[in-house]
Amino acid sequence: MARKLTATSLAIGLLIGMPALAQDSTPGRPVTNPGTWISAADYPASALRNAEQGAVHFALTYDDTGMPTTCEVTASSGSSQLDDTTCRILMARARFVPGTKHGKPVGDTFRSSINWRLPGGGGGNGLNVVPAPTKQQMAFVVGADGKVLRCEASENGGEWHEVAPGAGLISCPVGKRFAPAKDATGRTVAKRVTVTFTIAVDDAS
């Protein structure tokens, strides 16, 4: 089944094959729902501009501590940006509870897919469908020296999560510089800037 992230109809399909286990073995499992590892705000800006979409099938290997060690694209989306972004984010965010063998933790490989779809999706007749009501927010912190330190995003009031540089419907500006903000005494201070992107769908009059 696919878990849809309505902000851009981004979906993650879980295609997990579970091997037969010996009686003294237990399977590993993701620490959190894999459907939350990648969100619509992670859509690479260049892929959005070029209208690139498609499914990225991957094999994510993790060690006996549950940390990912390698990510391999087993079937490409046709977009190097989407392929590379998928593995980069999974290596940073995916965590696992390792399985056991003879009572000791062991690593394994998690296989699944990410289906990147452009905002508005597409109908079977090739026409775009009406977008779902959506509210996305991206926030970035501008340090006292004017340099953007990090970006976070939230969709429809959900949890905030980190966004990679250059990703998101509004390209994350990590590393760029702004004129530093100043307080009433003229001292430069850090500021958090939040940008809101909203799609409202109402009845036509």
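Assess whether residue 26 counts as being touching an Asp or Glu at 6+ places or on another chain (Cβ under 6 Å) and open to solvent by 50 Å² or more (accessible area, probe 1.4 Å). When the stated conditions are applied, residue 26 does not pass them. Suppose the filter is in contact with a Leu (Cβ under 6 Å, 6 or more places away or on another chain) and farther than 20 Å from residue 158 by Cβ; does residue 59 pass it? So residue 59 fails the test. If you filter the range 172-189 down to residues that are of a type outside the set (Val, Ile, Thr) and surrounded by 14 or more Cβ atoms within 10 Å (Cβ to Cβ), you find that the one that is modelled with the lowest pLDDT is 172. Scanning the range 49-106 for residues that are within 30 Å of residue 171 (Cβ to Cβ), open to solvent by less than 50 Å² (accessible area, probe 1.4 Å) and either of a type in the set (Gly, Ala, Ser) or more than 17 Å from the chain's Cα centre (by Cα) (or both) turns up 54, 55, 59, 75, 77, 79, 94.
The values are calculated or read from the model by the stated rules, or taken from the named source; none is laboratory data. Source: prediction; values computed, not measured. Note that each Cβ is placed from the backbone with ideal geometry, even for glycine, and that neighbours are counted across all protein chains shown. Please note that ligands, DNA and RNA were not included when accessible areas were found on the heavy atoms of the full protein model with its side chains. Shrake-Rupley method; radii C 1.70, N 1.55, O 1.52, S 1.80 Å.
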